[in-house]
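Here the structure comes first, spelled out in structure tokens, and everything after it is commentary.
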Amino acid sequence: MKKILFVCLGNICRSPMAEAIFNNKVRKLGIESKYISDSAGTASYHIGEDPDSRTVEIVKKNGMKIDHLGKQFLKKHGEDFDYIIAMDASNRKNILNEIMGSNKHKVYLMRDFDPLEKGDVPDPYYGEEGEFDNVFKILNRSIDAFINHIRSEND
Ligand code: 4NP
């Protein structure tokens with residue numbers, strides 16, 4: 001079993017959406033006994049909270065299930081997970097500052113896997129509603145490519 005952790009700032013918008021998309025896709029592919037994902041935020045603002053209602057809405061609109069409560073990224077996650085996927089460069093910097101050197105090779109940027117465009121997954125928290133749709137599309141195609149990548153490494 002390989003464990004993937006998606007990480008953003010608040011753990012209520014982008015990373016729980018990524019977790020939901022990933023877990024739904026691996027279930028659909030019938031490989032859920034091999035891969036599981038979770039998510040966390042580098043900030044402590046939303047510990048124990050449900051995902052943002054706009055994230056819940058877009059995930060459900062796309063026929064997927066979401067089940068997560070906010071938690072903060074901790075040093076031990078560097079040990080516990082095989083792949084740590086940051087939504088943006090600031091998240092990546094904070095993750096790398098937190099974890100042990102021997103685990104730093106586990107850290108990637110989500111859009112390293114985006115076949116269309118590299119960069120940050122934009123923070124939609126203060127954005128307009130269309131921004132959640134944009135984030136969903138970015139995550140959906142990036143996670144397809146990410147799943148292909150981890151299958152090529154592990155299957
Ligand atoms: P996320 O979005 O990092 O994608 O979950 C945010 C959620 C909350 C805040 C910032 C970004 N906030 O400042 O509370």
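Annotations
- When the C-alpha to C-alpha distance is required to be over 19 Å, the pairs from 28/60; 2/28; 60/137; 3/75; 3/76; 106/137 that qualify are 106/137.
- Of the residues 21, 81, 126, the one whose Cα sits farthest towards the positive end of the charge dipole of the range 2-154 is 81 (charges of +1 on Lys and Arg Cβ, -1 on Asp and Glu Cβ, taken about the Cα centre).
- Average Cα contact separation per residue, the chain, under 8 Å, 6 or more apart, as relative contact order %: 25
- Available extension along the chain between residue 61 and residue 44 is 3.3 nm, counting 0.36 nm per residue and deducting the alpha carbon span.
- Here's the picture: charge each Lys and Arg Cβ at +1 and each Asp and Glu Cβ at -1 in the chain, and of 148, 46, 66 the one pushed furthest to the positive end of that dipole is 148.
- Charge dipole magnitude, Cβ of K and R +1, D and E -1 - the range 2-154, Cα centre, debye nearest 20: 580
- Net length available on complete extension from residue 75 to residue 36 is 12.1 nm, with 0.36 nm assigned per residue and the Cα-Cα distance removed.
- Label-point separation in nm, residue 27 to residue 131, each point 7 Å along Cα→Cβ: 2.9
- Couplings 3J(HN,Hα) for the range 14-19, derived from phi with the Karplus relation 6.51 cos²θ - 1.76 cosθ + 1.60 (θ = phi - 60°), are 6, 5, x, 5, 4, 4 Hz, where x marks Gly and Pro.
- Added length on full extension, which subtracts the Cα-Cα distance from 0.36 nm per residue, residue 100 to residue 2: 33.3 nm
- Two numbers describe the Cα atoms of the chain: Rg and Dmax, which are 14.1, 40 Å.
Any read-out appearing in this document is the output of simple, stated calculations on the displayed coordinates, not a laboratory observation. Small disclaimer: the values here were computed from a predicted structure and weren't measured. Cβ coordinates were reconstructed from backbone atoms using ideal geometry, including for glycine residues, and neighbour counts include every protein chain displayed.
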